Amino acid sequence: MIRAIRACKTAAEERAVVRRECAAIRTAISENEPALRHRNMAKLMFIHMLGYPTHFAHMECLKLIAAAGYPEKRVGYLGLMLLLDERQEVLMLVTNSLKQDLNHPNQFIVGLALCALGNICSAEMARDLSPEVERLMRSREVNTKKKAALCSIRIVRKVPDLAENFMALAASLLKEKHHGVLISAIQLCTELCKASKDALEYLRKNCIEGLVRILRDVSNSSYAPEYDVSGIADPFLHIRVLKLMRILGQGDADCSEYMNDILAQVATKTDSNKNAGNAILYECVQTIMGIEATSGLRVLAINILGRFLSNRDNNIRYVALNMLMRAIAVDALAVQRHRTTILECVKDADASIRKRALELVFLLVNDTNVKPLTKELIDYLSIADPDFKGDLTSKICSIVEKFSQEKLWYLDQMFKVLSLAGNHVKDDVCHALIVVLSNASELQGYSVRSLYKALQAYGKQGSLVRVAVWCIGEYGEMLVNNVGMLDGEEKITVTESDAVDAVEIALNRHSADATTGAMCLVALLKLSSRFPSTSERVKQIVARNKENAVLELQQRSIEFSSIIQRHQSIRSSLLERMPVLDEASYLVKRATATQATISANKHAPTVAPGGLKLPNGVAKPTSAPLADLLDLSSDDAPASTTTSTTTPNDFLQDLLGIGGVSTSTAGVPSTASTDILMDLLSIGSSPLQNGTPGQESKPVHAVPEAIDLLGSLSSTTSVSAETKPTRLVSQGMDLLDGLSSSTSVSEKTVHPSITAFQSTTLKITFDLKRQPGNPRETTIHATFTNLTSSTYTDFIFQAAVPKFIQLKLDPASGNTVPANGNGSVTQGLSVTNNQQGQKPLAMRIRMSYKVNGEDRLEQGQVSNFPSGL
């Protein structure tokens with residue numbers, strides 16, 4: 001049969017052979033031919049391993065087990081273990097046969113029964129047959145005792161209450177000489193410790209002395225061929241004993257003290273030139289770190305790990321690094337002694353070892369060694385592999401930010417990192433650097449000169465370019481006039497034209513990067529105010545981008561050109577140096593944002609095709625902080641500005657000193673191409689329509705050059721409520737118009753509330769409002785009310801919509817719904833129907849919560865939305 005199956009060239013041929021064999025086996029079963037039963041069972045086991053069903057022959061296993069001969073029983077028990085598991089009802093019929101075979105005079109048949117029981121034993125079988133297993137653990141036969149001990153492990157796992165029946169037997173087996181019995185007994189003791197605290201205390205009192213004796217005997221034993229592995233006497237027994245010692249000694253000072261001497265002996269006498277010896281040493285180190293060992297013994301263990309780091313085997317070095325990371329919490333000083341070796345591992349050719357060593361170095365850093373360790377890491381940064389530079393850069397930046405004791409050292413290290421690996425530095429790190437520069441007034445001249453020199457040498461590093469052009473734009477006059485020279489700093493000669501050249505080169509080199517290009521344009525605009533002699537040249541450079549393929553740069557070019565040409569009177573005040581940023585509040589906001597991101601990533605569910613399932617409060621990630629610095633929310637082109645509160649990640653308001661500006665744009669569609677300049681220039685009021693009431697403007701997708709961006713600063717504008725949405729940009733409009741205006745805006749279209757879901761326990765209502773200027777978008781205010789007398793906790797609302805609908809969930813007001821309708825939880829949703837008028841809104845919802853600690857789940861479909869949404 002096996003030869004025929006292996007000769008098949010296609011799956012269809014194989015299935016035909018298997019069907020033919022199964023038919024023959026069924027015929028033999030129906031004719032009840034005992035002579036062929038064990039051969040048929042062997043065939044069925046092979047067919048089962050190929051993945052074909054064999055349930056029709058389960059009873060044949062029981063018939064073979066009930067047979068008198070050993071060959072039949074052997075095949076029967078093998079089939080039982082392979083074809084059946086503890087969940088099969090047929091297994092109940094085999095209990096009596098197992099009991100008979102456990103009492104059989106032939107030790108080999110007893111061994112078969114113990115082996116089967118140890119593999120498929122259920123809780124009921126464990127209770128019925130545990131007396132027989134206990135009796136067999138006292139047998140004179142070594143193999144029977146070993147198998148009975150292993151079988152009892154399965155019994156204890158299935159029925160932990162039976163652990164007390166095996167405690168004394170397990171302790172007595174530790175006095176045996178046969179290593180197989182000893183390993184089985186130690187495994188049983190380990191399982192007993194996990195199953196019962198009483199067993200743990202019993203074994204602490206009665207087994208420590210025996211374990212120490214076993215470990216001493218096997219360590220000092222002479223050569224024994226049956227147990228020798230590469231010159232090491234039975235390393236498997238070594239490791240099992242050490243693991244059990246670790247469990248018994250954990251949290252028990254008396255047991256730990258009794259083990260100290262033998263652990264020191266194993267740690268010093270074991271040969272580390274053999275792989276088996278290294279395995280024993282590693283387990284010994286784990287045991288020393290896990291028990292209440294003396295400080296000297298811990299230092300010995302860490303020194304062993306230090307030797308592992310010099311081993312040529314990558315696996316040994318990797319496990320040593322892992323263990324040292326845990327050892328830092330126990331004895332950091334001892335780990336510090338191996339700092340040099342660990343630093344060498346950071347430069348290893350193996351990527352896994354590099355990453356693990358870098359994490360260990362990060363844990364080793366403290367106030368006393370931060371400078372030499374940082375120097376070593378930065379020196380390696382210049383020659384590190386590109387794939388590793390990202391991790392290395394991130395760790396260096398974290399170290400510098402966490403342990404910097406003086407701002408000058410912090411700035412020097414960050415400038416080096418930006419120069420060597422600026423393309424790998426994250427935006428939030430650059431923003432933190434800008435905040436520090438804003439507050440370090442005495443170092444601003446030094447910083448802009450250092451960044452200017454770095455920009456000349458490392459102009460291809462993206463993050464360096466962004467920070468450098470920002471500094472040149474803000475502190476360009478310090479660069480040209482050598483203001484704020486430090487002791488020992490060399491003067492550099494930089495003209496006004498040189499400063500403009502540096503920014504122009506950066507703009508041309510990084511024209512494809514919208515963020516960098518936008519920062520360069522802002523820097524040029526500011527330099528035109530700082531250096532009036534360069535104003536005409538700056539105007540020409542800025543004007544080149546009026547037809548840029550990147551809409552963001554095109555818009556900025558048009559707006560900035562207008563500022564330079566037509567608004568000389570207000571340009572100097574408009575382009576003043578940024579106010580000092582509040583470093584303390586920024587650090588608090590950054591920590592809050594980081595924590596929120598970690599929490600969101602931890603709880604974010606999988607997004608299924610055709611729908612979006614998000615728990616309460618998980619929204620689309622915000623833009624990177626440096627993009628927010630320039631209001632570059634390019635992935636949110638028609639960004640909604642209906643909120644009047646400042647989000648924690650709105651770094652633009654911090655950098656530009658806006659603070660608390662509340663804009664109301666209801667009834668006016670907001671677009672990135674119209675509000676970005678106002679945000680950049682700290683203008684407090686919304687741009688409003690300047691056209692005739694009742695007349696709808698045509699859509700304007702780019703700002704025409706003819707539009708006066710900074711016209712009359714004293715005009716008053718008004719927008720009346722219209723049934724049709726009005727467009728924001730119209731001919732003759734001025735983006736800086738209406739600084740002192742009092743404006744009125746049209747209201748949203750409000751629909752009646754609907755009951756989206758109601759059961760005997762929960763009621764959900766939706767308040768619907770259609771967004772002005774975008775009839776496809778509907779804002780939903782959901783209210784969840786508890787109709788029962790029990791409070792709902794851990795409440796989570798989830799929703800899914802068809803593919804043609806876009807869904808966004810805002811954070812919920814809470815996760816506890818009070819009982820009896822005494823309060824409610826609310827949550828905002830926003831849905832955009834991309835096929836409005838063709839297909840109606842549809843939504844499936846699911847609510848999960850806990851009642852007195854018990855999980856509950858409700859779900860339904862919302863199909864009663866008003867028509868036209």
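The values are calculated or read from the model by the stated rules, or taken from the named source; none is laboratory data. Note that the coordinates shown come from a computational prediction; the quantities given were computed from them, not determined experimentally. Methodologically, a virtual Cβ is constructed for each residue, glycine included, from the backbone with ideal geometry; neighbour enumeration extends over all protein chains shown. Calculation scope for accessible area: heavy atoms of the full protein, side chains included, ligands and nucleic acids excluded. Shrake-Rupley method; radii C 1.70, N 1.55, O 1.52, S 1.80 Å.
Selection over segment 369-399 of residues that are open to solvent by less than 40 Å² (accessible area, probe 1.4 Å), among the small types (Gly, Ala, Ser) and part of a helix (DSSP H, G or I) gives a count of 1. In segment 208-243, the residue that is nearest to Thr190 (Cα to Cα) out of those that are assigned to a loop (DSSP other than H, G, I, E, B) and either of a type outside the set (S, T, N, Q) or open to solvent by less than 10 Å² (accessible area, probe 1.4 Å) (or both) is Asp234. Checking every residue in segment 77-97 against the condition of being touching a Phe, Trp or Tyr at 6+ places or on another chain (Cβ under 9 Å) and either in contact (Cβ under 8 Å) with a residue 12 or more places away in the chain or open to solvent by less than 30 Å² (accessible area, probe 1.4 Å) (or both) gives zero matches.
For Leu411, state whether it is free of Cβ contacts under 8 Å to residues at least 40 places away in the same chain, surrounded by fewer than 19 Cβ atoms within 10 Å (Cβ to Cβ) and of a type outside the set (S, T, N, Q).
Judged against the criteria, Leu411 is not a match.
Can you confirm whether Leu841 is aliphatic (A, V, I, L, M) and in a loop (DSSP other than H, G, I, E, B)? The answer is yes for Leu841. All but one of (1) in contact with a Phe, Trp or Tyr (Cβ under 6 Å, 6 or more places away or on another chain); (2) crowded, with 20+ Cβ neighbours inside 10 Å; (3) among the basic types (Lys, Arg) hold for Arg466, so report the exception by its number. Of (1) in contact with a Phe, Trp or Tyr (Cβ under 6 Å, 6 or more places away or on another chain); (2) crowded, with 20+ Cβ neighbours inside 10 Å; (3) among the basic types (Lys, Arg), only one is false for Arg466: (1).
Going by what's in this entry, would Ala440 be described as over 34 Å from the mean Cα position of the chain (by Cα) and open to solvent by 10 Å² or more (accessible area, probe 1.4 Å)?
No: the conditions fail for Ala440.
In the set Gln540, Gln565, only one residue is over 21 Å from Leu479 (Cβ atoms), open to solvent by 90 Å² or more (accessible area, probe 1.4 Å), in contact with a Lys or Arg (Cβ under 8 Å, 6 or more places away or on another chain) and without any contact (Cβ under 8 Å) to a residue 60 or more places away in the chain; that residue is Gln565. When segment 348-371 is filtered for residues that are touching a Lys or Arg at 6+ places or on another chain (Cβ under 9 Å) and within 23 Å of Ser404 (Cα to Cα), the ones remaining, listed by number, are Ala357, Leu358, Glu359, Val361, Phe362, Leu364, Val365, Asn369, Val370.
Residues that are within 20 Å of Phe766 (Cα to Cα), of a type in the set (Gly, Ala, Ser) and in a loop (DSSP other than H, G, I, E, B): does segment 829-838 have at least one? Taking every residue of segment 829-838 in turn, none turns out to be within 20 Å of Phe766 (Cα to Cα), of a type in the set (Gly, Ala, Ser) and in a loop (DSSP other than H, G, I, E, B). Listed here are the helices (runs of 4 or more DSSP H) enclosed by segment 109-200 that have at least 1 residues being over 23 Å from Phe236 (Cα atoms) and more than 46 Å from the chain's Cα centre (by Cα): 123-136, 163-173.
Do we find that Lys73 is charged (D, E, K, R), touching a residue at least 24 places away in the same chain (Cβ under 8 Å) and buried (at least 19 other Cβ atoms within 10 Å of the Cβ) in this structure? Criteria met by Lys73. Say we look at segment 32-62 and pick out the residues that are free of Cβ contacts under 8 Å to residues at least 40 places away in the same chain and aromatic (Phe, Trp, Tyr); which of these is surrounded by the fewest Cβ atoms within 10 Å (Cβ to Cβ)? The qualifying residue surrounded by the fewest Cβ atoms within 10 Å (Cβ to Cβ) is Phe56. Going through (1) at pLDDT 80 or above; (2) farther than 17 Å from Ala512 by Cβ; (3) within 42 Å of the chain's Cα centre (by Cα); (4) surrounded by 14 or more Cβ atoms within 10 Å (Cβ to Cβ) one by one, Tyr586 falls short only on (1). Take Arg246 and tell me if it is closer than 17 Å to Val181 by Cα, in a helix (DSSP H, G or I) and open to solvent by 10 Å² or more (accessible area, probe 1.4 Å). Answer is no for this residue. Checked against (1) out of contact with any Asp or Glu (no Cβ under 9 Å at 6 or more places or on another chain); (2) under 21 Å from Ala506 (Cα atoms), Met414 meets all criteria but (1). The listed residues are Pro105, Pro71, and the only one of them that is more than 50 Å from the chain's Cα centre (by Cα) and not in a helix (DSSP H, G or I) turns out to be Pro105. Screening Phe46 on (1) over 17 Å from Cys115 (Cα atoms); (2) more than 52 Å from the chain's Cα centre (by Cα); (3) at pLDDT 85 or above shows it passes everything except condition (2).
Considering Asn852, Asn833, Asn815, which residue is in contact with a Ser or Thr (Cβ under 8 Å, 6 or more places away or on another chain), among the polar types (S, T, N, Q) and open to solvent by less than 20 Å² (accessible area, probe 1.4 Å)?
Asn833
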